Each structure stands twice: as C-alpha cells, then as structure tokens.
Amino acid sequence: VVTRTLVIVDQHGIQRARLSAGADENDGPALIFSDRRGKARLQISFDDRSGTGLYFLDQGGEPRVHMQLANDESAHLAFDWAKRKSGVVMGVSPEGTAALVVSGSSGRESASINATGKGEAALILDDSLGRLRSTFEVLGPDYGNSPVIRLYDSAGGMRASLVAGGLNLSRGESEAELDTWSKGPRLSLRSGKSEVGHLP
C-alpha cells in the first residue's frame, strides 16, 4: 500500500488513528491517536523545523505534556496549564546548560534553576508580577565556587548581597559593606561615591 495518509477507524466508523506523511517537504510523518469520540489525544511527529516530538493532548485538543528533541540537539519536557500557558519546563541545551523553569497558572515564570557545564548553578525567584526578587548562585571554580545570595527591590535594583566572607546592603545611594577577604574584617559605609565611615 502506497499512500500519503492512512486513517484507521473503529467499528462505528470513528477515526482512532491517523498516519500522515506531511503537507510539504519540511513536514515529516505524524502519527495521531484519538479517543472514542474521535478527539486527538496523542501525537508523535517529526519535521525539519521543530524536530521530533511526543505530545499528550487534553480533551480540547491542546498539548498539555510534550517531549521534544529539536534539530539543534536541545531537548525538553514540558507540562502546560490550559490555554497553552507554560507550567513546568525542563531542558538541556547543546551548549551544556540545563534548566528547570516553573510558572504559576497565569503562565508567568516564578522560579528557575540553571546549571552550566562550567560548574555554575543558580536558583532564581520572581514575584507574582514576574519581577526578579532574589537569586542564590554558586559561581563556579573560576570564582572559588563561592555561593552568593542577592535580593532585589521591585524596580530590579539589588538591595542586598551575601557572599562567603562578605555582606553588602544598599538603599538608594547609601551602601554598607562588610567583608573578611582582606587582612581582617572591615565594615565600610558609603553615600554615593564617598566613604562616610569604616571599621577598623
């Protein structure tokens, strides 16, 4: 049998599976499985644009869980909310980066975890409006594998940072810094570019 499309029906004539060769030269084959009402629920496909994918569809025909291997060799697994809003995405890139991104039911990103092949890692937290509010990072061997915590205000300005051996606090042009990296512990206070006090 040579055909561009093969349709399998049940005893009631309802379509339960469809194998298609694609609409043009960029499309690859797609295999779609349907429920007893004829609604598509599972799709396996390949094409030259998006790569290879496995899609689990809800009753409305929207993909809610999908795994994909793109043509650039990146790979991801995603769990979506209804109306195509992103929920959880896990992926790896050919550059050696791995990431986990979590979004609330609005589809707005709330938290992410990233790791690179250079030994760097980060946990990033946003508020309900999608604004960056805090990060926890490990900088990697080039920076002594130092952990760093940073806190941000609602405008995205960094207000506090804590790194192994040091603490920095800022508000407007005022800044306080405590570090133990030099000959001993030192506390310095600044206003703008001017130092207004220090200990010792």
> Restricting the first residue to the stretch 48-63 and requiring it to be farther than 16 Å from Leu77 by Cα, which pairs with a second residue that is aliphatic (A, V, I, L, M) and open to solvent by less than 50 Å² (accessible area, probe 1.4 Å) meet a Cβ separation below 7 Å and a spacing of at least six or different chains?
Replying inline: Gly61/Ala40
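For residues in the stretch 1-27 being at pLDDT 90 or above and exposed (fewer than 11 other Cβ atoms within 10 Å of the Cβ), which is nearest to the chain's Cα centre (by Cα)? Lay out the reasoning, then the answer.
As a first pass, look at the stretch 1-27 and keep what is at pLDDT 90 or above: 5-20.
When the remaining residues are screened for being exposed (fewer than 11 other Cβ atoms within 10 Å of the Cβ), the result is 5, 11-13.
On the way: Thr5: 36, Gln11: 44, His12: 44, Gly13: 43 Å.
Checked the stretch 1-27; the qualifying residue nearest to the chain's Cα centre (by Cα) is Thr5.
Report yes if Gly130 is outside any strand (DSSP E or B), open to solvent by less than 40 Å² (accessible area, probe 1.4 Å), out of contact with any helix residue (DSSP H, G or I) (no Cβ under 7 Å at 6 or more places or on another chain) and within 18 Å of Met90 (Cβ to Cβ), otherwise no. Outline the logic, then answer.
Values: outside any strand (DSSP E or B): yes; open to solvent by less than 40 Å² (accessible area, probe 1.4 Å): yes; out of contact with any helix residue (DSSP H, G or I) (no Cβ under 7 Å at 6 or more places or on another chain): yes; within 18 Å of Met90 (Cβ to Cβ): no.
So Gly130 fails the test.
Check Ser86, Ser74, Ser34 and return the single one that is among the hydroxyl-bearing types (Ser, Thr, Tyr), over 30 Å from Thr116 (Cα atoms), touching a strand residue (DSSP E or B) at 6+ places or on another chain (Cβ under 9 Å) and without any contact (Cβ under 8 Å) to a residue 60 or more places away in the chain.
Numbers: Ser86 fails: over 30 Å from Thr116 (Cα atoms); Ser74 fails: over 30 Å from Thr116 (Cα atoms).
After ruling out the rest, the residue left standing is Ser34.
At least 3 residues that are hydroxyl-bearing (Ser, Thr, Tyr), over 23 Å from Asp126 (Cβ atoms) and in contact with a Gly (Cβ under 6 Å, 6 or more places away or on another chain) in each: list the strands (runs of 3 or more DSSP E) lying fully within the stretch 1-113 that qualify. Please lay out each step first, then the result.
Details: elements: 5-9, 15-20, 27-34, 40-47, 51-57, 63-69, 75-80, 86-92, 98-103.
It comes to none.
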>> I'd like to check something: does the stretch 149-164 contain any residue that is out of contact with any strand residue (DSSP E or B) (no Cβ under 8 Å at 6 or more places or on another chain), under 28 Å from Gly91 (Cα atoms) and at pLDDT 85 or above?
In response: no
> When the stretch 141-200 is examined, which residues are found to be of a type in the set (D, E, K, R) and in a loop (DSSP other than H, G, I, E, B)?
Replying inline: Asp153, Glu173, Lys183, Lys193
> Just checking, how many residues over the stretch 28-83 are open to solvent by 30 Å² or more (accessible area, probe 1.4 Å) and on the phi > 0 side of the Ramachandran plot?
Replying inline: 4
> Given the structure, is Val101 among the β-branched types (Val, Ile, Thr), touching a Ser or Thr at 6+ places or on another chain (Cβ under 9 Å) and either closer than 26 Å to Arg49 by Cα or open to solvent by 80 Å² or more (accessible area, probe 1.4 Å) (or both)?
Replying inline: yes
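Restricting attention to the stretch 114-127, report how many residues are part of a strand (DSSP E or B) and either more than 23 Å from Ser93 (Cβ to Cβ) or of a type outside the set (Gly, Ala, Ser) (or both). Walk me through it before giving the result.
First, the residues of the stretch 114-127 that are part of a strand (DSSP E or B): 114-115, 121-126.
With the extra rule that they be either more than 23 Å from Ser93 (Cβ to Cβ) or of a type outside the set (Gly, Ala, Ser) (or both), the set shrinks to 114, 123-126.
So the answer is 5.
Each row is one residue, and each column tells you yes or no for (1) closer than 25 Å to His76 by Cα; (2) open to solvent by 40 Å² or more (accessible area, probe 1.4 Å); (3) free of Cβ contacts under 8 Å to residues at least 24 places away in the same chain.
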residue: Glu109; (1), (2), (3): yes, yes, yes
residue: Ile113; (1), (2), (3): yes, yes, yes
residue: Gly140; (1), (2), (3): yes, no, no
residue: Arg150; (1), (2), (3): no, yes, yes
residue: Ser154; (1), (2), (3): no, yes, no
residue: Glu173; (1), (2), (3): no, yes, yes
residue: Pro185; (1), (2), (3): no, yes, yes
residue: Ser191; (1), (2), (3): no, yes, yes
residue: Glu195; (1), (2), (3): no, yes, yes
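Val92 - would you say it is out of contact with any helix residue (DSSP H, G or I) (no Cβ under 9 Å at 6 or more places or on another chain) and either more than 30 Å from His198 (Cβ to Cβ) or open to solvent by 80 Å² or more (accessible area, probe 1.4 Å) (or both)? Please lay out each step first, then the result.
Numbers: out of contact with any helix residue (DSSP H, G or I) (no Cβ under 9 Å at 6 or more places or on another chain): yes; either more than 30 Å from His198 (Cβ to Cβ) or open to solvent by 80 Å² or more (accessible area, probe 1.4 Å) (or both): yes.
Taking the combined requirement at face value, the residue satisfies it.
The values are calculated or read from the model by the stated rules, or taken from the named source; none is laboratory data. No experiment lies behind these values; they were computed from the predicted model shown. For neighbour counting, all protein chains shown are included, and Cβ atoms are generated from backbone atoms with ideal geometry for every residue, glycine included. Just so you know, the surface numbers come from the protein's heavy atoms only, side chains and all, with ligands and any DNA or RNA stripped out. Shrake-Rupley method; radii C 1.70, N 1.55, O 1.52, S 1.80 Å.
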